[in-house]
Structures are given as C-alpha cells and as structure tokens.
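Peer 1: Below is one structure. I have some questions about it.
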Amino acid sequence: EPEVTQTPSHQVTQMGQEVILRCVPISNHLYFYWYRQILGQKVEFLVSFYNNEISEKSEIFDDQFSVERPDGSNFTLKIRSTKLEDSAMYFCASKTTGKVQPQHFGDGTRLSIL
Amino acid sequence: AQSVAQPEDQVNVAEGNPLTVKCTYSVSGNPYLFWYVQYPNRGLQFLLKYITGDNLVKGSYGFEAEFNKSQTSFHLKKPSALVSDSALYFCAVGEINTDKLIFGTGTRLQVFP
C-alpha cells in the first residue's frame, strides 16, 4: 500500500537556524498538509496546500514558516529561524480529491531545537 | 468553531472484552468524522470515517464507530479487544468549508492479556 514518506526521522537543530522537513506524498494525491504534535499534546493543523498554493493556514503558521512543492514528488516545510517552542513531531499528510477522503499521514519528523 | 473532545485519557480493557473509546464533537454544519490510531514512533493511521448515511460505520481491524447526531458523539468500538490494539486513538472532525482536521487530545487504549 502506498505511503507518505518523511525525512529525516529526527532532526536536531540549533535555535535560530533554518530547517527543512521533507515529505514525499502518495503519488496520485493532490492535497497536502502539515500538522505538528508537541510532546504530550494533540495534533495541530499547520497548513494545507493545493494546486501549488496554500489553501488554508493556522495561526501557528506565521512568517517563519513556508511550504513548497519544488518538483512533482516532494513537499517541504521550512522554518526560517527556529525557536525552542518549535520542538515537536511534524507530520505530513496527503489525500486524493474530494473533501470526504481521509488524509494519509507519514511517520513524522521529530524536530528538536537546542 | 470546530472542536473535538475525548473525555478519557486512558481506557483499560481485558483482551477479549468489548471496548469503547469516546468522542464528542462540535461543528456549525454537517460533520465529517474520522478515527485514527497512532502506534509508538509512527504516524496517524486511518481507521474509519463517517460522512453521511448509516450511523454505524465499519473500518479497519474490526473497529466500528457509531454516529449519534443528537448526542454529537462518534464513539469507537470493537466487540473483542486484542493486546495488539493497544495504542493511542485520535478522533478528528472536518467540515465542508475547510480542509483541515481538528483532532481530539487522544485516548490511550491499553488491552491487558
């Protein structure tokens, strides 16, 4: 069964540094998402992306965050200047067309900011 | 605003017994409801969804969920629990005018042999 793939599985970065989290969505999916889960807390929506543009974003997704689909397969989340509170598990998700379709999640990237 | 509540942090059940994991929701329109399961160090795995139609929805691994509009609930159930069902379960809600999912805080299911 096709899967959403995320790399790296764990990223350790110094505060203030830029970080790029990478995702390869399921190949025929058209809608892409990033969520995050701070340790011990619930999963929170960050951003959705369709047709090469952001379709919705949360309050968390401020100017330090950006997303890109640089080619036909990758979907990236960039944090420009990381803060301690950015430490979390970041999940990428994708789905095929239609609002009623479930989103399929990757295994996540654990981001640790020192 | 949409919201999801999972009132139990943990549910303990003996193997072979039925299990229920509770979820209530609040949306302004018709809800789309989902259950996901998370195993240690893994992502969220889709179990089942309710969009419309039959209030009893069947999903993966023998799980089912019952939609109750009057009680705004969508409880996850399984007739006979397995030790391998032990994991973290998340209820999520979506709406027609938004593409994001709103998740509950999760319920840890522990099935004892």
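The values are calculated or read from the model by the stated rules, or taken from the named source; none is laboratory data. Nothing here was measured: the structure is a model prediction, and the numbers come from that model. Counting neighbours? That spans all protein chains shown, and the Cβs are built from the backbone with ideal geometry, glycine included. SASA here: full protein model, heavy atoms, side chains in, ligands and nucleic acids out. Shrake-Rupley method; radii C 1.70, N 1.55, O 1.52, S 1.80 Å.
Peer 1: Of all residues in the stretch B:88-100, which are open to solvent by less than 10 Å² (accessible area, probe 1.4 Å) and of a type in the set (A, V, I, L, M)? Before the answer, list the steps.
Peer 2: Taking the stretch B:88-100 as the starting set, the residues that turn out to be open to solvent by less than 10 Å² (accessible area, probe 1.4 Å) are B:89-94.
Once the filter is applied, which keeps residues that are open to solvent by less than 10 Å² (accessible area, probe 1.4 Å) and of a type in the set (A, V, I, L, M), the stretch B:88-100 yields B:ALA92, B:VAL93.
Peer 1: Taking the condition closer than 24 Å to A:PRO8 by Cβ and either at pLDDT below 95 or among the β-branched types (Val, Ile, Thr) (or both), does A:THR82 pass? Full working, then the answer.
Peer 2: Values: closer than 24 Å to A:PRO8 by Cβ: yes; either at pLDDT below 95 or among the β-branched types (Val, Ile, Thr) (or both): yes.
The answer is yes for A:THR82.
Peer 1: Which residue pairs have Cβ atoms closer than 7 Å, lie 6 or more positions apart in sequence or on different chains, and pair a first residue in the stretch B:89-112 that is on the phi < 0 side of the Ramachandran plot with a second residue that is among the acidic types (Asp, Glu) and part of a loop (DSSP other than H, G, I, E, B)?
Peer 2: B:THR107/B:GLU8; B:THR107/B:ASP9; B:ARG108/B:ASP9; B:VAL111/B:GLU15; B:PHE112/B:GLU15
Peer 1: Give the stretch A:1-36 a look and list any residue that's among the aliphatic types (A, V, I, L, M) and either more than 16 Å from A:TYR90 (Cβ to Cβ) or assigned to a loop (DSSP other than H, G, I, E, B) (or both), or say none. Working first, answer last.
Peer 2: From the stretch A:1-36, those among the aliphatic types (A, V, I, L, M) are A:4, A:12, A:15, A:19-21, A:24, A:26, A:30; that's our starting set.
Result: A:VAL4, A:MET15, A:ILE26, A:LEU30.
Peer 1: Another question, if that's okay. At the interface with chain A (Cβ under 10 Å from one of its Cβ atoms) and open to solvent by less than 50 Å² (accessible area, probe 1.4 Å): is that true of B:GLY62 in this structure?
Peer 2: Details: at the interface with chain A (Cβ under 10 Å from one of its Cβ atoms): no; open to solvent by less than 50 Å² (accessible area, probe 1.4 Å): yes.
For B:GLY62, the condition - at the interface with chain A (Cβ under 10 Å from one of its Cβ atoms) and open to solvent by less than 50 Å² (accessible area, probe 1.4 Å) - is not met.
Peer 1: Of all the residues that make up the stretch B:25-48, how many are of a type outside the set (Lys, Arg) and open to solvent by 50 Å² or more (accessible area, probe 1.4 Å)?
Peer 2: 8
Peer 1: Moving to a separate point now. Scan the stretch A:65-114 residue by residue and report those that are within 14 Å of another protein chain (Cβ to nearest Cβ), charged (D, E, K, R) and not in a loop (DSSP other than H, G, I, E, B).
Peer 2: Of everything in the stretch A:65-114, those that are within 14 Å of another protein chain (Cβ to nearest Cβ), charged (D, E, K, R) and not in a loop (DSSP other than H, G, I, E, B) turn out to be A:LYS95, A:ARG110.
Peer 1: Tally the residues that are of a type in the set (Asp, Glu) and either open to solvent by less than 70 Å² (accessible area, probe 1.4 Å) or in a strand (DSSP E or B) (or both), restricting the search to the stretch A:49-64.
Peer 2: From the stretch A:49-64, those of a type in the set (Asp, Glu) are A:53, A:56, A:59, A:62-63; that's our starting set.
Within this subset, residues satisfying the condition of being either open to solvent by less than 70 Å² (accessible area, probe 1.4 Å) or in a strand (DSSP E or B) (or both) are A:53, A:56, A:62.
Looking only at that region, the number is 3.
Peer 1: Determine which single condition B:ASN68 fails, assuming it passes every other condition in (1) away from chain A (no Cβ under 11 Å); (2) more than 25 Å from A:GLN37 (Cα to Cα); (3) surrounded by 14 or more Cβ atoms within 10 Å (Cβ to Cβ).
Peer 2: In the conditions (1) away from chain A (no Cβ under 11 Å); (2) more than 25 Å from A:GLN37 (Cα to Cα); (3) surrounded by 14 or more Cβ atoms within 10 Å (Cβ to Cβ), B:ASN68 misses (3) alone.
Peer 1: Among the residues of the stretch A:1-48, write down those that are under 22 Å from B:GLN6 (Cα atoms), free of Cβ contacts under 8 Å to residues at least 60 places away in the same chain and open to solvent by 10 Å² or more (accessible area, probe 1.4 Å).
Peer 2: Hits for the stretch A:1-48 are A:ARG36, A:ILE38, A:LEU39, A:GLY40, A:GLN41, A:LYS42, A:GLU44, A:PHE45.
Peer 1: Take the stretch B:102-112 and flag every residue that is closer than 22 Å to B:LYS78 by Cβ, open to solvent by 10 Å² or more (accessible area, probe 1.4 Å) and either more than 7 Å from chain A (Cβ to nearest Cβ) or aliphatic (A, V, I, L, M) (or both).
Peer 2: Within the stretch B:102-112, the first condition is being closer than 22 Å to B:LYS78 by Cβ, and the residues that meet it are B:103-112.
Filter again for open to solvent by 10 Å² or more (accessible area, probe 1.4 Å), leaving B:105, B:108, B:110, B:112.
Across the stretch B:102-112, the qualifying residues are B:ARG108, B:GLN110, B:PHE112.
Peer 1: What's the number of the only condition in (1) within 19 Å of A:HIS104 (Cβ to Cβ); (2) part of a loop (DSSP other than H, G, I, E, B); (3) within 15 Å of the chain's Cα centre (by Cα) that B:TRP35 fails to meet?
Peer 2: Looking at each condition in turn, B:TRP35 falls short on (2).
Peer 1: Listed residues A:LEU21, A:LEU30, A:LEU39; which is within 18 Å of B:ASN41 (Cβ to Cβ), modelled with pLDDT under 95 and of a type in the set (A, V, I, L, M, F, W, C)? Full working, then the answer.
Peer 2: Values: A:LEU21 fails: modelled with pLDDT under 95; A:LEU30 fails: within 18 Å of B:ASN41 (Cβ to Cβ).
A:LEU39 is the lone residue from the list that is within 18 Å of B:ASN41 (Cβ to Cβ), modelled with pLDDT under 95 and of a type in the set (A, V, I, L, M, F, W, C).
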